[in-house]
There are 2 protein chains.
Amino acid sequence: MYRTHTCGELRMEHVGQAVTLSGWVQTVRKFGSITFVDLRDRYGITQLLIGETLNDQLDANPLGREFVIQAKGTVTERSNKNKNIPTGDVEITISEFTILNASKTPPFTIADDTDGGDELRMKYRYLDLRRNAVKENLILRYKVNRAARNFLDSKGFMDIETPFLIKSTPEGARDFVVPSRMNPNEFYALPQSPQTFKQLLMMSGYDRYYQIVKCFRDEDLRADRQPEFTQIDCEMSFVDQEDILQNFEAMTKFIFKEIKGIDMTDAFPRMTWDDAMKYYGNDKPDIRFEMKLVDLTESGRGKGFKVFDDAELVVAIAAKGCSEYTRKQLDELTDWVKRPQIGMTGLIHIKYNTDGTLKSSVDKFFDEAALKGFAEQCNAQPGDLILILAGREERTRKAMSELRLEMGERLGLRDKNVFAPLWVIDFPLFEYSEDDDRWFARHHPFTSPKPEHIALMDDVSQYGKIKANAYDIVLNGTEIGGGSIRIFQRDLQEKMFAALGMSQEEAHHKFGFLLGAFEYGAPPHGGIAFGFDRLCSLLGGSESIRDFIAFPKNNSGRDVMLDAPAEIDQTQLDELFISLVKPA
Amino acid sequence: MYRTHTCGELRMEHVGQAVTLSGWVQTVRKFGSITFVDLRDRYGITQLLIGETLNDQLDANPLGREFVIQAKGTVTERSNKNKNIPTGDVEITISEFTILNASKTPPFTIADDTDGGDELRMKYRYLDLRRNAVKENLILRYKVNRAARNFLDSKGFMDIETPFLIKSTPEGARDFVVPSRMNPNEFYALPQSPQTFKQLLMMSGYDRYYQIVKCFRDEDLRADRQPEFTQIDCEMSFVDQEDILQNFEAMTKFIFKEIKGIDMTDAFPRMTWDDAMKYYGNDKPDIRFEMKLVDLTESGRGKGFKVFDDAELVVAIAAKGCSEYTRKQLDELTDWVKRPQIGMTGLIHIKYNTDGTLKSSVDKFFDEAALKGFAEQCNAQPGDLILILAGREERTRKAMSELRLEMGERLGLRDKNVFAPLWVIDFPLFEYSEDDDRWFARHHPFTSPKPEHIALMDDVSQYGKIKANAYDIVLNGTEIGGGSIRIFQRDLQEKMFAALGMSQEEAHHKFGFLLGAFEYGAPPHGGIAFGFDRLCSLLGGSESIRDFIAFPKNNSGRDVMLDAPAEIDQTQLDELFISLVKPA
């Protein structure tokens, strides 16, 4: 037996007991003839006291950082107690120890503030995973997993596994494909989500389904994306949107209570997509703070200011208490909106001074009354700074959305310990792609249009007006989940495929099984999927999902530790009946 | 709101309540002007009574099997109660109903005894999944999943997700590979198991890990195998074999208690691999019955019977109470062992008659005393039938192992409601492949040899004698799980790779990360993986794992419903920098 206790459990009540511990050497400190070792395992740290009698052994085989040892001894009360750790009242007076495995000096320190860079820590991920910060993240992830399961189990949801080797039906994102040896020249695809399977399970009468499941998208990995990611995937039958919102609002509250101890007593606010775009400039508003977008397009027009007159959109926010921003600060903000990521040509400001006067960068065109009018529109108060952007509608709205977040950040309004959930509802069914010159499903092709908008599907000029029974759950400006009520009628589904430019043949080739299933008694149903990695990172107060994944990939989709992907043997290629094409 | 109750919950106490139900029409029966509908959902069946006033609606839109309807009405007491279903005391007198979706006549009946063949049911899997038998299997699977999680959670195991896009390191079974678009001409592999990752997690100090996880093997799908299958995958640090056996024996007992209500109070018997081979002829003995193999090679020799004299192995079993088998029965058994799958040339029998006399098919060579000697060796009693096979050792042992199971079956000794668990321990570390003319790791290359056998690794002639700290858990003749104590020292792991014919370069290319990890304080560790599909099928009393998988593949690895795998677009191939090779 390697141990009688873990390194996290000994207390004063164990004093006098003979114990055996095993773990990693965190630190070794020598005071005269006494050696103190902090021994670490998943559960904690316990101090070992190695006396003089073992010094010969220590000298012959010195202990180093990250050595794995087994130590036997007696629990004793510490004279110099450490109140910072739960085991700090005791130490183990060691009578015997064994080195189970030595360790080279790690390439970076195993500590919360490590000296290891990103690349190095990814390469030695098994060492990085030892750090307390990473360990706490994975423990949190495990707890969120359990909390979600407990909630869903208690509500009658069944965990049902869906297949990973499925059929490629690219629509939107690219599929990862898997050549089949037994079926030469044919390929499986890895699922982007279990979408069609969970719908089939509803048609099969399983009523409430869930799965915490890996999904795969072969997309370029800008930002904080991973080629494989995890969803909490759920579906329910005989429900309308309200049932789903209620149920998953309750789940979100349950998770917050379990993980953060936070009681979210209020109902989550709901906002239409139209309002989200209008007041926040994007479909995932951070509502920890107001600072809503105000449209000045009409009121700004006709005063001879060409920038406003020519603009598709003039939009403003009022930043509370910023009227005393210096010239330098304003210049810096102007530079900020001129960065290529934001792409604006300039920033206009109006200072609503605390004495009630107004001063702007466009005083030439707007008198104090006009400025006051703007301020009133923005609901600004003396002491506020009004920031205005003007230009092409989409870019300007997006830029102002970013500027709003930036100002929120600067004003300390985005406290990561404050959680502001929100349902965004009534999403458009379609979105138009200029690049492809066609309409795409905004959510996915199985999302139901609002019943009152179905008629509009007969007229392509009306597509932009069609709203869907689709919803996102947004937390602090991040989408943590989304879903929809699904189409459950064959004719409507076929109409949807046609609207997306799919021929009947193509629709049948890709989704024949689903269209078939609709004909045998498909119930009304809908669902939602939570981005599990993202949810965990938000709960853990981190920007990065990587920190919450045991073995993440880098921005090129590589596992640096494994050195994967990698070349494979010619034999493997031959067996799969594929050959390589050299990239140009 | 689509329903106030499910179809499984209404009872006498609800009589008088106004309710709304939604579900599938199981049956429609008309008695005069009254129509009875059995309405079905996941939770049960409730009888609806549709009276005269709705007949016009019914005539205009007749209800058919598998139609999805919503019905409103009042709970009333049935005059003609159905004691076979929990809702059988009541019916709903319907005031209003709506057809939510019609259904074509299903291609097979949705009933326990269906008229649908295998292929048809696979194609319409979403309909097959509606059948009660299949639904019960998936519910059982969900419950086993939950029971395993509950047990492991309570023991401090952490569910940690490991990656699906990893590196191809074929050793034994073939990997499925995934071409990388972002890293042209390189491939990921899908994991055959999370083996190396769970070991790394131990090295990272996570101490106790589990995952219920999909694994992938691109092997020919004889028998009841699936290209993707699910494991309950577990690993523990600072343990020896005894710790693991104790822990997972407890888990198995917990699952049996939860799922079957069976108290397995006795400790699971343990048998060495050597004994399993000797007494049962295979490494996964069905110990629901004895009928052990008895070696007659020595005692059968030298009596002039060439078949015995030339045989590498003469082996017998005594079948209880079968001494009165007729000539016809014996001939039939002889034909059975001559089948190509068994491959023997003949079967010898000795009848130990109830009067104490002995009569055999080899009386010419063996007198009654010799036969009695055989009977005593076999521990046979009057009334028993001794069956003997002779020939090449491996084939004969295997054949007798099969014959023993066949006789057990015929004698009704393999009751699927009796569960006889067993640990098989002390597996050989290596096994020799004649085809490849080299030694393979019997379990996998990370399995630790018994410490006292490590020295034998220096001499290839001794490889066959090396035993491993490896174990299987066997239930009713089926392996449901297996594992080992792992190598945790770099030098021993390198020796192991070398023994398997891997060069240092190859070992480093494939497993450099693992060898590296050994150098930074790897703890002693070991683990086990349960075949989750198989475990469920045994608990469900079925031979077939497919019945316990929501969307299984057929013997060619095809998903008949999806029609996958399938051809992919040239664009997809181009993006992946691969081209197809026409099979010869």
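None of the figures in this text is laboratory data; all of them are computed from the coordinates on show. Computed from a prediction, not measured in an experiment: that's the story for all the values here. Neighbour counts are summed over all protein chains in view; Cβ atoms, including those assigned to glycine, are modelled from backbone coordinates with ideal geometry.
Here are some notes:
- Per-residue 3J(HN,Hα) values for segment B:70-83, derived from phi via the Karplus relation 6.51 cos²θ - 1.76 cosθ + 1.60 with θ = phi - 60°, read 10, 9, 10, x, 10, 6, 10, 6, 7, 7, 10, 6, 9, 6 Hz in sequence order (x marks Gly and Pro).
- Segment B:12-101 - Rg (one decimal) and Dmax (whole number), Cα, Å: 12.0, 35
- Nonlocal amide H pairs with B:Gly23, under 5 Å, H built at 1.01 Å: B:Ile69
- Value in Å of the Kirkwood radius, where segment A:483-548 supplies the Cα pairs that are averaged: 14.5 Å
- Whole-number percent relative contact order across segment B:287-441, with pairs defined as alpha carbons under 8 Å at least 6 apart: 29 percent
- If the Kirkwood radius is taken over C-alpha pairs of chain A, then at 4 °C and 1.567 mPa s the Stokes-Einstein diffusion coefficient equals 45 µm²/s.
- Under the criterion of Cα pairs below 8 Å and six or more residues apart, the relative contact order for segment A:12-101 equals 33 percent.
- Counting only the Cα atoms, segment A:259-369 fills a convex hull of 184 Å³ per residue.
- For A:Thr109, the residues 5 or more places off, or on other chains, whose built amide H falls under 5 Å of its own are A:Asp115, A:Gly116.
- Karplus (6.51, -1.76, 1.60) ³J(HN,Hα), θ = phi - 60°, over segment A:528-536, in Hz, Gly and Pro reported as x: 7, 10, 9, x, 5, 4, 5, 4, 5
- For segment B:47-98, the set of trypsin sites (Lys or Arg not before Pro) satisfying both a DSSP loop assignment and a count of at most 15 other C-beta atoms within 10 Å is given as B:Arg78, B:Lys81, B:Lys83.
- Checking the cross-link pairs A:Lys260/A:Lys416; B:Lys198/B:Lys260; A:Lys364/A:Lys398; A:Lys155/A:Lys416; A:Lys83/A:Lys416 against a 21 Å limit on the alpha carbon distance flags B:Lys198/B:Lys260; A:Lys364/A:Lys398; A:Lys155/A:Lys416; A:Lys83/A:Lys416 as lying beyond it.
- Alpha-carbon centroid distance for the pair segment B:188-203 / segment A:79-102, whole angstrom: 32 Å
- Each of A:Asp233, A:Asp426 has some number of other Cβ atoms within 10 Å of its Cβ, and from fewest to most they run A:Asp426, A:Asp233.
- Dipole of chain A [Lys/Arg +1, Asp/Glu -1 at C-beta], most positive-end residue of A:Asn417, A:Val362, A:Ala390: A:Asn417
- Spacing of the two label points (7 Å from each Cα toward its C-beta) at B:Arg222 and B:Thr265, in nm: 4.3 nm
- For B:Leu492, label point 7 Å along C-beta direction: distances to other copies, nm: 6.3
- Remark: A:Glu77, B:Glu186 ranked as A:Glu77, B:Glu186, counting other beta-carbon atoms within 10 Å and listing the fewest first.
- Start at zero, step by 10 Å, and the Cα-Cα distances of segment A:437-584 spread as 9, 24, 22, 26, 17, 2 percent across the bins.
- A protection proxy built from the mean count of other Cβ atoms within 10 Å ranks the segments A:251-258, A:433-440, most packed first, as A:251-258, A:433-440.
- Modelled FRET efficiency - R0 51 Å, B:Arg11 with A:Asn80, Cβ distances, 0.05 increments: 0.15
- Part-to-part distance (alpha-carbon centres) for segment B:448-510 and segment A:378-405, which is given in Å: 66 Å
- Mean-position separation - Cα centroids, segment A:524-584 and segment B:137-154, in angstrom: 28 Å
- Electrostatic dipole magnitude of the protein assembly as shown [Cβ: Lys, Arg +1; Asp, Glu -1; Cα centre; debye, to 20]: 1420 debye
- Relative to its Kirkwood radius, the Cα radius of gyration of the protein assembly as shown gives an Rg/Rh of 1.02.
- Per-residue Karplus couplings for segment A:18-33, computed as 6.51 cos²θ - 1.76 cosθ + 1.60 with θ equal to phi - 60°, are listed in order as 7, 9, 10, 10, 10, x, 9, 6, 7, 8, 10, 10, 10, 10, x, 8 Hz, Gly and Pro entered as x.
- B:Thr98 label point (Cα plus 7 Å toward Cβ) to equivalent points in the other copies: 7.2 nm, shortest first.
- Listed pairs B:Lys306/B:Lys351; A:Lys30/B:Lys510; B:Lys214/B:Lys338; A:Lys278/A:Lys303 exceeding 30 Å between Cα atoms: A:Lys30/B:Lys510; B:Lys214/B:Lys338
- Amide H contacts under 5 Å for B:Leu293, placed H, 5+ residues apart: B:Tyr280
- Between this copy and the others, label points of A:Gln462 are 8.6 nm apart in ascending order, each placed 7 angstrom from Cα in the Cβ direction.
- Rounded tilt (10° steps) of B:393-410 against the dominant C-alpha axis of chain B: 40 degrees
- Percentage of interatomic Cα-Cα distances in segment A:211-317 larger than 17 Å: 74 percent
- Using just its DSSP H runs of length 4 or more, each adding -39500 (n - 2.57), chain A gives a mean residue ellipticity at 222 nm of -8500 deg cm²/dmol after division by all residues.
- Percentage relative contact order, segment B:274-351, counting C-alpha pairs under 8 Å, at least six apart: 19 percent
- Longest to shortest principal axis, alpha-carbon extents of segment B:222-272, angstrom: 35, 32, 23
- With the biggest extent put first, the Cα atoms of segment A:130-274 measure 56, 47, 35 Å across the principal axes.
- Extending 7 Å from the Cα toward the beta-carbon at both B:Ser579 and A:Glu376 defines two label points whose distance is 7.3 nm.
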